[in-house]
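Working notes, structure below.
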Number of protein chains: 2
Amino acid sequence: MLPPAAERLVHELERLPGVGRRTAQRLAFHLLRVSEQEALSLAEAVREVRARIGFCTVCYSLAEGELCGTCSDARRDRSQICVVETPSDVVPIERTASFRGLYHVLGGALSPIDGVDPADLRITELVARVAAGGVEEVIVATNPTMTGEATASYVATVLRGMTRVTRLASGLPVGGDLEFADEVTIGRALAGRREL
Amino acid sequence: MLPPAAERLVHELERLPGVGRRTAQRLAFHLLRVSEQEALSLAEAVREVRARIGFCTVCYSLAEGELCGTCSDARRDRSQICVVETPSDVVPIERTASFRGLYHVLGGALSPIDGVDPADLRITELVARVAAGGVEEVIVATNPTMTGEATASYVATVLRGMTRVTRLASGLPVGGDLEFADEVTIGRALAGRREL
């Protein structure tokens, strides 16, 4: 139905998350319609991102070169480390502009069913960072899911006695509606209630 | 917040239709997570599509080489030409598998407000194809919108007396609900009612 090169592009676009055949076709037609320069900029950006970006040698978030933007920023507070599952989890936390410490990206969450053991995550590296001294608090910001909670417990266990370990609060999302909140979330919100 | 190369990729992805900043970030992280080969295949497919694909010299739909797949297919019925606005409009019609003729892609629809005149569309080329003989029917399949309808009327006018010109039926979409149909569509469905 489409010329082979267009069919190949649709096929490659379909591999992107959340992109079905219709969307892939729409994107492919878009890339055929825009200026040659605009289409090639996208291709070049994909190549470049793979050529240039690797992991920060300290915190394992995305970095061009040895260190990520956070680790190389002298103004960041080195006494706090926020532990997240993936490099993309750094973005929403940075967006809050209320955390000024460093990060540590584990590279996933413990999940024995999927064969993810502590050895598969960068936990030894986290322990080494804390053992090197100067870390007053480790804030565990793994996802509030089964695997994220298991990972948080494990991290707390291995760091016990080395530093203070805290966990992001669970509760009602701001702007949410009590009526539509699930019972586990409401249970957590009750358990974590604060004095007014 | 992201390393420069990742930021550039997010920026390029954001230019795609229907892709906002969040989706662009999700796609960028995906392209960083998958195998290098998978990411580079996408970049290569974009390059290739721009290098190889042009317009069919007969019908102006997408083609690798001189002729598109339809125009070069000897089994297609050369007595029918289906007129569409854009190359992407060929896909849904081919999907029906109920049209065996050729196409003619106008390259848009008449819209004086946007400065699109008949001279901007491939109407002269359509007239030439019909004048060359052998065309028994021109089916106008421009969109059922203001500009698409204006284009259909214009095409019918210029082809008057040369061949039979028909228009796709307007009416209730199959599987649709009368209750949720707009009054213009229901009006068209009434006007175009058929004997049972």
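The values are calculated or read from the model by the stated rules, or taken from the named source; none is laboratory data. Since the model is a prediction, treat every value here as computed from it, not as a measurement. Every residue, glycine among them, receives a Cβ derived from its backbone with ideal geometry; neighbour counts consider all protein chains shown. Please note that ligands, DNA and RNA were not included when accessible areas were found on the heavy atoms of the full protein model with its side chains. Shrake-Rupley method; radii C 1.70, N 1.55, O 1.52, S 1.80 Å.
Ranked highest first by the average count of other Cβ atoms within 10 Å around their residues, in what order do B:130-136, B:104-110 fall? Spell out each step's value before the answer.
Working: B:130-136: 12.7, B:104-110: 22.6.
Listed from highest to lowest mean packing, they are B:104-110, B:130-136.
Output the relative contact order of segment A:76-167, whole-number percent, from Cα pairs under 8 angstrom with separation of 6+ residues.
Reported as a whole number, the value is 33 percent.
Per the 1.4 Å probe, what fraction of the accessible area of segment B:11-54, in percent, lies on carbon and sulfur atoms?
That fraction is 46 percent.
Divide, for segment A:7-54, the radius of gyration over alpha carbons by 2.2 N^0.38 Å, where N is the residue count.
After normalising by residue count via 2.2 N^0.38 Å, the value is 1.22.
Tell me the accessible surface of residue B:55 in square angstrom (1.4 angstrom probe, heavy atoms of protein chains only), to the nearest ten.
110
With the other protein chains left in place, how much accessible area per residue, in square angstrom, belongs to segment A:1-50 at a 1.4 angstrom probe?
45
Over both sides of the B-A contact, add up the buried accessible area with a 1.4 Å probe and give it to the nearest 100 Å².
Between B and A, the summed buried area is about 4800 Å².
Which far-off residues, 5 or more places away or on another chain, put their amide H under 5 Å from the one on residue A:165, with H placed in the peptide plane?
Residues meeting the amide H criterion: A:138.
Taking just the C-alpha trace of segment A:53-153, give me its Rg and Dmax in Å.
13.1, 41
How large is the translational diffusion coefficient of chain A in µm² per second when you combine the Kirkwood radius over alpha carbon pairs with Stokes-Einstein at 10 °C and 1.306 mPa s?
80
Once Rh is set to the Kirkwood radius over Cα pairs, what Stokes-Einstein translational diffusion coefficient, in µm²/s, holds for the protein assembly as shown at a temperature of 20 °C and a viscosity of 1.002 mPa s? Could you put the intermediate results ahead of the total?
On the way: Rh = 25.7 Å.
Reported coefficient: 84 µm²/s.
Work out the P(r) tail for segment A:22-100: percent of alpha carbon pairs separated by more than 17 Å, whole number. Before the final figure, lay out the partial values.
Working: 1875 of 3081 pairs.
The calculated P(r) of segment A:22-100 puts 61 percent of pairs beyond 17 Å.
With r defined as the distance between the Cβ atoms of residue B:181 and residue B:96 and R0 fixed at 22 Å, what FRET efficiency is calculated, to the nearest 0.05? Could the numbers behind the result be given before it?
On the way: r = 21 Å, r/R0 = 0.97.
Rounded to the nearest 0.05, the efficiency is 0.55.
Provide the per-residue ³J(HN,Hα) series for segment A:132-148, in order, calculated from phi with Karplus coefficients 6.51, -1.76, 1.60 and θ = phi - 60°, each as a whole number of Hz, with x at glycine and proline positions.
5, x, x, 9, 8, 8, 10, 9, 8, 10, 5, 5, x, 10, 3, 5, x
Averaged over its residues, how many other protein chain Cβ atoms are within 10 Å of peptide B:35-42's Cβ atoms? Numbers along the way, then the final one.
Working: counts 1, 3, 1, 3, 6, 6, 6, 11.
What the average comes to for B:35-42 is 5.
What relative contact order, as a whole-number percentage, does chain A give when Cα pairs under 8 Å and 6 or more residues apart are counted?
13
Quick one: if you stick a label point 7 Å off each Cα along the C-beta vector at residue A:67 and residue B:146, how many nm between them?
Taking the two extended label points, one gets 5.8 nm.
Which FRET efficiency, nearest 0.05, do residue B:33 and residue B:137 yield, Cβ-Cβ r, R0 56 Å?
So the FRET efficiency works out to roughly 0.60.
Got a sec? Charge dipole of the protein assembly as shown, +1 on Cβ for Lys and Arg, -1 for Asp and Glu; which of B:151, A:5, B:165 is way out at the positive end?
Checked the options; the winner is A:5.
Got a sec to turn the phi values of segment A:158-167 into Karplus ³J(HN,Hα) couplings, 6.51 cos²θ - 1.76 cosθ + 1.60 with θ = phi - 60°, whole Hz, x for Gly and Pro?
5, 9, 3, x, 8, 7, 7, 10, 10, 10
Once label points are set 7 Å from the Cα along Cα→Cβ at both residue A:114 and residue A:164, what is their separation, rounded to one decimal in nm?
Each label point lies 7 Å from its Cα, and together they span 3.2 nm.
Using the beta-carbon distance between residue B:52 and residue B:157 and R0 = 35 Å, what value does 1/(1 + (r/R0)^6) give for FRET efficiency, to the nearest 0.05?
0.40
Looking at the axis that maps chain A onto chain B, which chain A residue has the closest Cβ, and how far off is it in Å, rounded to a whole number?
Looking at chain A's Cβ atoms against the axis toward B, the nearest is A:43, 2.
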